[in-house]
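Please read the structure below before turning to the comments.
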Amino acid sequence: MMACIQFLLLFCSFIYIFNVNPSCAQTPNSPIGSLVLPVTKDPATFQYLTTIYHGTSPEPVRVVLDLGCPSLWLDCSSGRLSSSRRRIPSCSIQCPAAKPNNMSCAFSAAVPKRKCTACGLSTENSITRSATRGELVEDSLTVQSVDGSKSGPVTTVDHFLFSCAPRFLLNRLARGAQGMLGLGRSRIALPSQLASGFGLQRKFATCLSSSDGLILFGHEPGYDSIFGKEISRSLMYTPLLTSPDGSGSSQDYSINVKSIKINGKRLSLRQKGIGGGTKISTTVPYTTLESSIYSSFIEAYKEAATNNYFLNMTVVAPVAPFGLCFSSKDVPSSMLLGPMVPAIDLVLQSEMVKWRVHGRNAMVPVLDEVMCLGFLDGGFKSKTSSSIVIGGFQLEDNLLEFNLGTSMLGFSSSLLTRHTSCSDYHTRMMQSTLKDSL
């Protein structure tokens, strides 16, 4: 009899881990189309925020977006959150499924004599790099659906898993933020829970801007109706590296940048002994390059910008935290692409697949008639760090599609070249907001 109970517990654990839904798990009704979250940029911290609604009487909660975070975590001690959340015990099916090493946890959960306590979960503020123990809980989560190119009805996940964390973890988050929303690869990150709960594809798209943007979860028809077939079907694709650091546990999204070109001239990365992949981050404001790459990069950029018959830009004293700045006085500018400066290409698996960075995503205006190259020295690379981290400024007005099912990244390069922007899509989508629909 005891062996049968242990087997049943193990079976349910595997069912939960692999998102199969017999009687061990509950699934809400699937909405038509896709799901959407509006995104804004905080001008003080350069962080990207969204508002989620959770609880049986949905309460708005402001959270910072983090591409590499494995789950949603919130400060549950503030008294401003829903009181309908339920603590997940360590001996439950959900606890082992929520942890990275869920195989070993599943076996320990099947031991009936084990003391049943709160399910502990490692929780991190990726901005301060502070980590602590959180407690796994569940509650309802309400999300806006998409009907064609307009906002549709709201829909609810009844058993959404997230972590309650101590208040000190909010340090250096944007004003009013009560936690961080993880979009990582784990099975309790938002993309996986929405896919499992609503029968959606395990994919999502980000479209960030300096003001308003959005994140879209779900099926291709929703992408076509919002972004248009011309854009959504013209994305270039590159593989997502499953574990750039070799640990097998990375939640981050990384790609393989083989070289960088500045105005068509190659800056080789291989000569610098670079490895570990190029991480994409929403919590790093500007792209960082490992020190040896950075020194070569700014020298090559300075050469391209100053010894060019058509540009002949003037270098001025750097303004922290940037290392290379120019006078913007005599630099022509485009309404769409910003300053007409040397183009930067991140070359991926072949010469035909490259992510181009134009002036709008390359130059940061810092003072009157002064602009700086928005790439920073990231220090020397450790064994587990990425040589290059693509930051939020370079992601803005670029449509990115993260497909967890195929482990591929689709990217558009700048939407401004097509006379549109992420803020345009946000305006179009949020005609009726989630708050107005409740």
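The values are calculated or read from the model by the stated rules, or taken from the named source; none is laboratory data. It should be emphasised that the depicted structure is a prediction, and the values quoted were computed from it without experimental measurement. Cβ coordinates were reconstructed from backbone atoms using ideal geometry, including for glycine residues, and neighbour counts include every protein chain displayed. Heavy atoms of the whole protein, side chains included, go into the accessibility calculation; ligands, DNA and RNA do not. Shrake-Rupley method; radii C 1.70, N 1.55, O 1.52, S 1.80 Å.
General observations
- Whether a residue is among the polar types (S, T, N, Q) and crowded, with 20+ Cβ neighbours inside 10 Å was assessed, and ASN307 does not pass this test.
- Top-ranked residue in region 323-338 [being in contact with a His (Cβ under 9 Å, 6 or more places away or on another chain) and surrounded by 17 or more Cβ atoms within 10 Å (Cβ to Cβ); ranked as modelled with the highest pLDDT]: GLY338
- Options LEU37, LEU74, LEU9; residue that is more than 21 Å from ALA195 (Cα to Cα) and modelled with pLDDT of 70 or more: LEU74
- Of all residues in region 82-97, those being in a loop (DSSP other than H, G, I, E, B) and more than 15 Å from SER140 (Cβ to Cβ) number 4.
- Among the residues listed as SER145, SER210, the single one being open to solvent by 40 Å² or more (accessible area, probe 1.4 Å), farther than 26 Å from SER92 by Cα and in contact (Cβ under 8 Å) with a residue 60 or more places away in the chain: SER210
- Region 350-398: number of residues that are of a type in the set (Gly, Ala, Ser) and open to solvent by 10 Å² or more (accessible area, probe 1.4 Å): 6
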